[in-house]
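Below is one structure, written out as structure tokens, with a few remarks after it.
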Amino acid sequence: PVLAKLIPAKTMTFTRFVEVGRIALINYGPDSGKLCTIIDIVDSNKCLVDGPVNLTGVMRQIIPFKRIALTDLKVKVPKNARQKVLTEAWEKKNIAAKWENTAWAKKLGAKKKRASLTDSERFQLMVARKQKAKLVNEKLEMIKAGTLVPKPKPTKEVAAAEPEPAADEPAAAAGGDY
Amino acid sequence: PHPSHASQSPIEPSAGKRMVVEKRAKGEARASRFYPAYDVKPKAKSALVAKPPKLRSSLTPGTVLIMLAGRFRGKRVVMLKVLESGLLLVTGPFEVNGVPLRRVNAAYVIGTSTKIDVSGVELPETVCDAYFKRPKEEKKKKTADEFFAGDDEHEGPSDERKADQAKVDAALMTKIDEVPMLKAYLGALFTLTKGMKPHEMKF
């Protein structure tokens, strides 16, 4: 909203606002799991929402805030925008693709996938996890034995400093003192 | 005329013939002295014919099943066909998980969505319900010595069974080896772990 522009973003504790054009995820009800756009606010408890229907399957309806969860995404539409206008705004901002790329959407998708696995797929998943764990443990044993030195993750602070494990190694070799 | 003499014809002066009532065989019921109070229709033989057994749609030949009860509970097994009695004919295959050619009740089985093409697997003609039916043992009264002697040792499967098993499994294994990880899948047991809700799971 307007206030967001006056106060610098870094100091704002809230970033997702209920506003016209805010994209929200419906959590409860027959449309749960679908995205919708807030196009008008009724009162302190409910808002008018539209899919748009052709993109998300959510029809124009009044929905209480308790049933929706706000996302980071927003489109610029006037109050009570028509479906045509909404659709254009969604496509211009490429909201569908942006949503699919968020970690939130990916987690929801993973949950759905996990629930829909068949018995055979569950078995294959179990085998894959065991193989991955085996590989990880092999490397871990090597690190513990000192035969493998893990490369540090490149961060801005560590870039200049000496890599930590290299410093640890001579310390470990000389560790016979204690 | 008296009903017990019903089989006797009225005494006629026919040339030399005389009707005699057949002597009742030992153990046969005596003929009743009375006619039934109302006319009794002779019971007609039932015209009902047993239909081929109908199963839920997930159970088709070649489906991998999960056994839920009995000696092989938890085993994943290949269904071969439906027998006339309505029981399913399954096999491990034996070398994969130790389940032989066996009958199993469809109620104690989960049909998974994994299917194997068993069109090429030929079942011996002799394999049917009678093949598996346990032969009735004579009940003998044991003497005191026999009672304490203990039961006879179980003989293993007959040679016929072993031969049939080998034949069916050989054909089935070629199909199983074609699919990656299927052999390992059939060899593994099905278990429920924490958080698994069978009514919410897909098989």
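The values are calculated or read from the model by the stated rules, or taken from the named source; none is laboratory data. Everything quoted here is computed from the prediction, not taken from an experiment. Cβ: placed from backbone, ideal geometry, glycine included. Neighbour counts: every protein chain shown. Only protein heavy atoms, including side chains, enter the accessible area calculation; ligands, DNA and RNA are left aside. Shrake-Rupley method; radii C 1.70, N 1.55, O 1.52, S 1.80 Å.
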Residue-normalised accessible area of chain B, given per residue in Å² at a 1.4 Å probe: 80
Could you order the peptides B:112-121, B:21-30, B:52-61 from most to least packed, using the average number of other C-beta atoms within 10 Å per residue? B:112-121, B:52-61, B:21-30
List the residues of the stretch B:175-195 that lose 40 Å² or more of accessible area once all protein chains are present, compared with their chain alone (1.4 Å probe, heavy atoms only, no ligands or nucleic acids). B:Met181, B:Tyr185
Could you tell me what fraction of 2.2 N^0.38 Å the Cα radius of gyration of the stretch A:1-157 comes to, as a two-decimal ratio? 1.47
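What whole-number value in cubic angstrom gives the convex hull volume per residue for the C-alpha atoms of the stretch A:72-129?
Each residue corresponds to 114 Å³ of Cα convex hull volume.
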In sequence order, what are the phi-derived ³J(HN,Hα) couplings for the stretch A:134-149 according to the Karplus relation 6.51 cos²θ - 1.76 cosθ + 1.60 with θ = phi - 60°, rounded to whole Hz, with x for glycine and proline? 4, 4, 4, 5, 4, 5, 4, 4, 5, 5, 4, 6, x, 7, 10, 9
Sequence gap at least 6, Cα distance under 8 Å: using those rules, report the relative contact order of chain B to the nearest whole percent. 19
Taking every alpha carbon pair in the stretch B:132-203 and sorting the distances into 5 angstrom bins from 0 up to the bin holding the longest one, the percent per bin comes out as 3, 9, 10, 11, 11, 11, 11, 11, 10, 7, 5, 1
Residues with amide H under 5 Å of B:Thr63's amide H, sequence separation 5 or more or different chain, H placed in the peptide plane at 1.01 Å from N; which? B:Met79, B:Ile116
How big is the stretch B:66-203 along each principal axis, measuring the range of its Cα positions in Å and listing the largest first? 56, 39, 27
What quantity of accessible surface, computed with a 1.4 Å probe and excluding non-protein components, is buried in total between chains A and B, in Å² to the nearest 100? 900
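Please compute the Kirkwood hydrodynamic radius of the protein assembly as shown from all pairs of different C-alpha atoms, in Å with one decimal.
In the protein assembly as shown this quantity evaluates to 30.9 Å.
What's the carbon and sulfur percent of the stretch A:12-113's accessible surface, probe 1.4 angstrom, rounded to a whole number?
Carbon and sulfur together cover 56 percent of it.
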What fraction, in whole percent, of alpha-carbon pairs in the stretch B:25-94 exceed 17 Å separation? 66
Interchain or long-range residues, amide H under 5 Å from A:Arg22's placed H: A:Ile38, A:Val75
Kindly provide the helix-only [θ] at 222 nm of chain B, computed as the sum of -39,500 (n - 2.57) over DSSP H runs of four or more divided by all residues, to the nearest 500 deg cm²/dmol? -5500 deg cm²/dmol
